[in-house]
Amino acid sequence: MNKHIRQWPYALAALCVVFAAPRFVETNYWLNLLNMCCVMGIACLGLNILLGYTGQINLAQAAFVGIGAYTSALLTINFGLPVWLGMICGALTGGIFGILLGIPSLKLSGHYLAVTTIGFGFIVQLVLINWIDLTRGSDGITQIPVFSLFGISFDTEERFFYFSGTLVVLMAWGIIRLRDSRMGRAMLAVRQDEMAASTNGIDVTRYKIIAFTLSSACASLAGALFAHGGARYISPDTFSFEQSVLLLAMTVLGGDGSALGAVLGASLLTILPESLRFLRESYMLIFAAAIVLIMIYMPGGIANLVTHLPPVAQWRERRRKAAGMELEREEESLPPLELAPSRDCRDGDMLRLVGLAMYFGGLKAVGGVDMLIRRGEIHALIGPNGSGKTTIINVLSGLYRPTYGSIQLYGRELAGSPPHDIARLGIARTYQNIRLFSGMSVLENVLVGQHTQSRTGIIGGVLHDPAQRKEELSMRRKALQMLHFAGLQHLENEAAGSLPYGRQRLLEIARALISAPELLLLDEPAAGLNPAETGELRDLLNKIQAMGVTILLVEHDMELVMTVSDTITVLNFGRKIAEGNERQVRAHPEVISAYLGQEE
Ligand code: ADP
Ligand code: MG
């Protein structure tokens with residue numbers, strides 16, 4: 001994330017290790033094992049995108065390794081395709097099957113999704129065994145052509161390792177970079193909180209499918225590599241369910257969401273059983289016990305262990321401090337925040353609810369509400385607990401499809417649109433129960449808030465090309481301005497979940513506001529704040545209004561509501577009972593009896 005911290009020296013160092021390693025390894029046996037580490041490492045890098053970044057499970061990763069291996073082997077043998085092209089086709093085929101497997105993930109999650117992927121893995125294996133005409137069945141395919149590129153034939157273990165090792169380093173580098181990009185942050189956001197991700201403009205469906213596709217393509221590339229290196233023989237039993245479990249174990253053992261960890265985990269679990277072979281019959285038992293012990297005593301995986309080694313920890317702390325100082329310097333030199341000016345050509349009637357109703361079973365949470373929000377105002381929505389305020393916000397932000405009625409933003413119908421589309425059209429929100437991406441930094445949360453206003457795709461995210469870097473820099477500047485605006489300066493590098501409650505509320509508002517929305521929906525922003533913090537919030541609301549952003553404010557703090565609001569709508573049992581300015585609402589008999597009570 002920090003522009004002065006270069007990653008390429010580390011990639012270069014890793015490449016040097018790859019090119020030096022064969023000097024220290026005497027036998028082909030060990031070179032073969034290193035090649036196997038690379039194959040497993042690439043399959044695990046894919047799983048790291050899926051599991052570590054996006055939080056989806058796949059227990060059929062070995063099946064995708066098989067799809068890549070068979071596709072490439074058959075294309076090169078039957079059609080004489082050059083091996084490099086066969087490998088690319090293998091990876092693409094895997095990616096296409098990945099889309100197919102990704103589709104159930106839109107409806108299923110957790111153990112249901114896990115079982116579905118297991119089923120997929122069995123189907124692939126059955127096809128490989130039984131479609132004998134094509135796959136040669138259980139006998140497998142032998143004499144697969146050797147990999148060559150630009151006239152160089154990678155026909156020895158050593159040469160092949162130079163290639164596979166380089167590929168691992170480059171892919172790990174790209175996947176680490178991906179994490180620090182718009183796409184990577186969106187994936188992490190999906191993993192942390194799908195609902196908040198969607199109302200921040202992230203198309204959750206799309207990102208899950210992308211993750212499945214990338215993950216499967218990596219696995220299939222690993223499979224193609226496996227087919228054309230080493231024994232150059234493949235058979236269906238290599239791509240079994242057990243192998244998928246092993247790949248998952250490697251990824252989890254490596255570390256949660258760490259690409260480097262995935263490669264280390266894959267290497268450890270490839271080399272460990274081989275180095276335990278001297279134990280004869282009991283070696284698998286010891287290996288299994290070793291996995292269990294490692295999981296118990298290293299919950300964050302190898303990546304976590306490595307980052308807590310004293311020299312690494314000190315280096316990270318220095319890096320964190322330097323990055324923090326750099327951010328502070330940068331922040332001081334930035335001009336104050338300006339959001340995109342509101343669309344002046346539009347008239348004053350911004351959002352119109354007509355007969356809006358939302359039923360849950362027999363319960364009428366909202367029972368036919370008409371309401372008009374005018375551009376530039378702070379419009380409060382108040383009422384007793386359970387009167388339907390949050391439900392209205394949920395319907396407006398697209399989380400619920402209304403049972404009846406219509407929602408028009410400048411005359412455009414919104415009812416039934418998905419949350420990410422509504423976010424794109426300019427409606428942002430916060431939640432009554434704060435929903436930050438708590439494992440991500442304060443800065444990253446605000447960067448996710450700019451999802452709809454940025455466009456970098458996967459390729460830009462991996463390559464960090466000039467266009468991506470330019471966009472990233474401008475997003476980062478705007479994020480810093482926003483944090484300054486919201487009174488969160490100097491907290492950029494903190495984990496969002498570690499902030500005190502009041503700061504978290506402000507951060508959630510900052511994350512919503514940075515998308516420069518037409519309308520900002522705030523659900524009880526003052527809940528849990530102390531009087532000083534409520535005062536800060538009031539100032540912030542006034543400043544936001546002054547920037548031209550319209551606010552729908554759901555709030556119980558009557559003093560706050562009465563001092564900032566231009567219009568107040570009062571709900572009771574899902575019905576509108578009063579509307580007007582502060583004086584009219586205070587004097588309304590039904591409001592007094594239903595909500596304000598004796599204090600008035
Ligand atoms: P408020 O925000 O005004 O306190 P809510 O909008 O949260 O009220 O809730 C209004 C009513 O709708 C309550 O009776 C609540 O129990 C019910 N409700 C809200 N969301 C759901 C849901 N997802 N499923 C079933 N009932 C719900
Ligand atoms: Mg509520």
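At-a-glance table
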quantity: Every pair of residues 6+ apart whose Cβ atoms lie under 7 Å, when the first sits in region 374-387 and is under 20 Å from ARG352 (Cα atoms) while the second is of a type in the set (Asp, Glu) and open to solvent by 10 Å² or more (accessible area, probe 1.4 Å); calculated: ARG374/ASP349; GLU377/ASP566; ILE378/ASP566; HIS379/ASP566
quantity: Single condition GLU492 does not satisfy, out of (1) modelled with pLDDT under 95; (2) open to solvent by 10 Å² or more (accessible area, probe 1.4 Å); calculated: (2)
quantity: Residue count for region 195-248, restricted to those that are over 30 Å from ILE514 (Cα atoms), in a helix (DSSP H, G or I) and of a type in the set (D, E, K, R); calculated: 2
quantity: Qualifying residue in region 161-174 (condition: crowded, with 22+ Cβ neighbours inside 10 Å, of a type outside the set (Ser, Thr, Tyr) and more than 30 Å from PHE437 (Cβ to Cβ)); calculated: yes
quantity: Matching entry among ILE373, ILE407, ILE382 (being surrounded by 16 or more Cβ atoms within 10 Å (Cβ to Cβ) and within 12 Å of ligand 1 (Cβ to nearest atom)); calculated: ILE382
quantity: Residue count for region 284-316, restricted to those that are open to solvent by less than 80 Å² (accessible area, probe 1.4 Å), outside any helix (DSSP H, G or I) and of a type in the set (A, V, I, L, M); calculated: 1
quantity: Matching strands (runs of 3 or more DSSP E) fully within region 508-600 where at least 3 residues are surrounded by fewer than 22 Cβ atoms within 10 Å (Cβ to Cβ) and either touching a Pro at 6+ places or on another chain (Cβ under 9 Å) or in contact (Cβ under 8 Å) with a residue 24 or more places away in the chain (or both); calculated: 575-580
quantity: Given (1) away from ligand 2 (no atom under 15 Å from the Cβ); (2) closer than 28 Å to GLY348 by Cα; (3) at pLDDT 95 or above, number of the condition TYR359 does not satisfy; calculated: (2)
quantity: Hey, LEU480 away from ligand 2 (no atom under 16 Å from the Cβ) and either touching a Gly at 6+ places or on another chain (Cβ under 8 Å) or not in a helix (DSSP H, G or I) (or both) or not; calculated: no
quantity: Test set (1) open to solvent by 10 Å² or more (accessible area, probe 1.4 Å); (2) more than 16 Å from ligand 1 (Cβ to nearest atom); (3) touching a helix residue (DSSP H, G or I) at 6+ places or on another chain (Cβ under 6 Å); (4) not in a loop (DSSP other than H, G, I, E, B) - VAL446 fails condition number; calculated: (1)
quantity: Residue in region 43-56 that is surrounded by fewer than 24 Cβ atoms within 10 Å (Cβ to Cβ) and closer than 19 Å to ALA262 by Cα present; calculated: yes
quantity: Residues that are crowded, with 18+ Cβ neighbours inside 10 Å, assigned to a loop (DSSP other than H, G, I, E, B) and more than 16 Å from ligand 1 (Cβ to nearest atom), drawn from region 426-438; calculated: GLY426, LEU436, PHE437
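Quick grid of which residues meet (1) part of a loop (DSSP other than H, G, I, E, B); (2) within 16 Å of ligand 2 (Cβ to nearest atom); (3) open to solvent by 10 Å² or more (accessible area, probe 1.4 Å); (4) at pLDDT 95 or above:
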{"site": "ILE392", "(1), (2), (3), (4)": "no, yes, no, yes"}
{"site": "TYR400", "(1), (2), (3), (4)": "yes, yes, yes, yes"}
{"site": "ASP421", "(1), (2), (3), (4)": "no, no, yes, yes"}
{"site": "THR456", "(1), (2), (3), (4)": "yes, no, yes, no"}
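The values are calculated or read from the model by the stated rules, or taken from the named source; none is laboratory data. Nothing here was measured: the structure is a model prediction, and the numbers come from that model. FYI the Cβ positions are ideal-geometry reconstructions off the backbone, even for glycines, and counts take in every protein chain you see. Heads up: the accessible areas ignore ligands, DNA and RNA and are worked out on the full protein's heavy atoms, side chains in. Shrake-Rupley method; radii C 1.70, N 1.55, O 1.52, S 1.80 Å.
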